[in-house]
Amino acid sequence: MSETPQSGDATAVDPASPEFERKVIGLIAKKKKLEPSTITPESTFQEMGIDSLDGIDLVFTFEDEFNISIPDQVVQKMKSVGQVIEALREVLTKRAPSA
Amino acid sequence: MRRVAITGMGVVSSMGVGLGAFWDGLMAARSGSRRVSLSDPNLLSVQIAAEVPDFDPEKHLAGISIDMLDRFSQLALVAGAEAVRDACLTLEEHEHDRAGVSIGTGVGGASTQDVLYRRYYAEKIARAHPFSIPRTMNSAAASQVGMNYGLRGPGICVSTACASAGHSIGEAFEMIRAGRADVMLAGGADAPITAPVFKVWEAMRVLANPPDAATACRPFSRDRQGIVIGEGSGVLVLEDWERARKRGVRIHAELVGYGATADAGHITQPGIDAPAHAISLALTEAGLRPDQIDYVNAHGTGTRLNDATETTILKRAFGDHAVRLAISSTKSMHGHAMGASGAIELIATILGIERSVAPPTINYSEPDPECDLDYVPNEPREMRIGAAISNSFAFGGLNAVLAVRRAA
């Protein structure tokens, strides 16, 4: 099991920025061993060959990377890269700023 | 009842990856015991282990998702791949339902659990990795090996501590004999080298801890101190004899008998009657008289109690013939690979039959009055082995004995 370290600087990326989108796509690309340029917000999990187990592995990666907790009902809505970015923005925006 | 051929073997042990490294190690009377490689061994009183040296899963498991695998499953997949290659095994589409897997483990996903608990208790991280269950479940190795080859027949994982592989192979053998499967990949895998596993074995006070790691495990020798914890995997291809004959594959040996008994006595102290009975059952099933057995691969853990008791067990089961047996504990070299032991040791036994050599018991320095049989001390012995047994007597009093004979 790869031990993703708790990332301190991830919160520095503004969730609304294009940089955040690139970061999320980069994480997906790394996990699925895909070329980031082939992934767009329109890419679906199905197209990228992400099955249900890969999906929860990705969620775990996002949780560790951004130090957030993604509720099950939000996870269930994630079927494309765009939906992932949207959900992460929602969770990150709602989160109380950490000290 | 059908006959069962052993047509393929694969092994990963502290001797290295593969049958070649394994046999070379045994013939060189080499010890696989070394200083443990754990990154933080400071709290360990015993720091000796028989680890698989320089194991790089990426190198051996191309195309397989390593993230999904605990080390014990990785070892099983590598041993399984060698066994399948060695058997030149291919399955027609209709044969997949008649081919199965039986890979046991004693400890299971120890390193995954270690990470899990460290994150939770020490690092206070609330999230567990979602692959934790697929990695830690004891049946993971059996499932992964079965998935790799599309084995849709019986799939089981027997967990009987240090006899796990012995029972796994025995049960697979009975399935083929009874006609419930034609081919079984059978064996065991364990990778228990984590600090907590060491601590619990230390607490049992059965680990060897001399200054020199290489000579730590000294089965049957008067100065024996105890067990060296090891790791590894052994997988064998068991095949219906007629199927093997028809396809003309080399048959390493014939698996002819399996005896399984339980002491139903003490949870750790070994019994005598039940293990001796397991030997007799295996011989009876094999149709072999005690005096037809030439070699015994002993359970031979190297503890004071096990080795003296096993000597008594062998005298009980073999009577006057016990003194003529060549007996060795190959654990003296590859360490105690827990739930993989029975498979690794059966492979040592079969290679001995094929090559007419009894592997030695190394680190044997002086006879013990309580262990007064022939333990093939320190050097391999050239001898014809017509038939042999391999013993697995586990903590918990669960005993498995496998009998094999030269293919004919």
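What pairs in B:K199/B:K315; A:K33/B:K59; B:K199/B:K331; A:K23/A:K94; A:K79/B:K124 have C-alpha atoms more than 28 Å from each other?
Violating the 28 Å limit, Cα to Cα: B:K199/B:K315; A:K79/B:K124.
Between A:S37 and B:R118, what is the spin-label point distance in nm, taking each point 7 Å from the Cα along the Cα→C-beta axis?
If labels sit at A:S37 and B:R118, their model points lie 3.9 nm apart.
Just to confirm the filter: which trypsin sites (Lys or Arg not before Pro) across region B:201-266 are DSSP coil and have at most 11 other Cβ within 10 angstrom of their Cβ?
When the trypsin sites (Lys or Arg not before Pro) of region B:201-266 are filtered for loop state and at most 11 Cβ neighbours within 10 Å, B:R205 remain.
In peptide B:112-120, how many Cβ atoms from other protein chains are near each Cβ within 10 Å, on average?
Values: counts 1, 0, 0, 3, 1, 0, 1, 3, 0.
That works out to 1 on average.
Would you kindly state the longest site-free stretch of chain B, with sites defined as GluC sites (Glu not before Pro) in a DSSP loop (not H, G, I, E, B) surrounded by at most 16 other Cβ atoms within 10 Å? Write out the running numbers ahead of the final one.
Working: sites that count: B:E92, B:E123, B:E370.
Of all site-free stretches, the longest is B:124-369.
Considering chain B as a Gaussian network with a 10 Å cut-off on Cα pairs, which listed residue, B:V197, B:V228, B:V12, attains the greatest mean-square fluctuation?
Top of the fluctuation ranking is B:V197.
Using unit Cβ charges (K, R positive; D, E negative) and no other charged atoms, how large, in debye to the nearest 20, is the dipole of chain B about its Cα centre?
Working: 38 positive and 45 negative charges, 57 e Å.
The dipole magnitude comes to about 280 debye.
Label B:L43 and B:T284 with points 7 Å out from Cα along Cα→Cβ: what is the distance between them in nm?
With each label point 7 Å from Cα toward Cβ, the separation is 4.9 nm.
Looking at the protein assembly as shown, send over the antiparallel percent of its DSSP beta bridges, to the nearest 5.
Here the share of antiparallel DSSP bridges comes out near 70 percent.
Give me the percent relative contact order of region B:1-133, please, defined on Cα pairs under 8 angstrom at least 6 residues apart.
27
Put +1 on the Cβ of each Lys and Arg and -1 on the Cβ of each Asp and Glu in the protein assembly as shown; which of B:A208, B:A181, B:G155 then has its Cα farthest toward the positive end of the dipole?
The residue sitting farthest along the positive end of the dipole is B:A181.
If ligands, DNA and RNA are left out, what is the accessible area of B:M137 with a 1.4 Å probe, given in Å² to the nearest 10?
For B:M137, solvent-accessible area is about 80 Å².
At 7 Å along the Cα-to-beta-carbon direction for both B:N378 and A:K79, put a label point, then send me their distance in nm to one decimal.
For the pair B:N378/A:K79, the computed spacing is 7.3 nm.
In chain B, what percentage of the DSSP-assigned beta bridges are antiparallel, given to the nearest 5?
Here the antiparallel bridges make up roughly 70 percent for chain B.
Computed on protein heavy atoms with a 1.4 Å probe, what is the summed buried accessible area for the chain pair B and A, in Å² to the nearest 100?
Heavy-atom accessible area buried at this interface is about 1300 Å².
Tell me, in nm to one decimal, what length is gained between B:V200 and B:A128 on full extension, where the rule is 0.36 nm per residue of separation less the Cα-Cα distance? Provide the component values of the computation, followed by the final result.
Details: separation 72, 0.36 × 72 = 25.92 nm, distance 2.40 nm.
The span from B:V200 to B:A128 would gain 23.5 nm if fully extended.
Name the residue from A:I39, B:V145, B:P134 whose Cα lies farthest towards the positive end of the charge dipole of the protein assembly as shown, charges +1 on Cβ of Lys and Arg and -1 on Cβ of Asp and Glu.
After comparing all options, I get B:V145.
The values are calculated or read from the model by the stated rules, or taken from the named source; none is laboratory data. Computed from a prediction, not measured in an experiment: that's the story for all the values here. Backbone-built Cβ (ideal geometry, glycine too); neighbour counts: all protein chains shown. All accessible areas refer to the heavy atoms of the entire protein, side chains included, with ligands and DNA or RNA removed. Shrake-Rupley method; radii C 1.70, N 1.55, O 1.52, S 1.80 Å.
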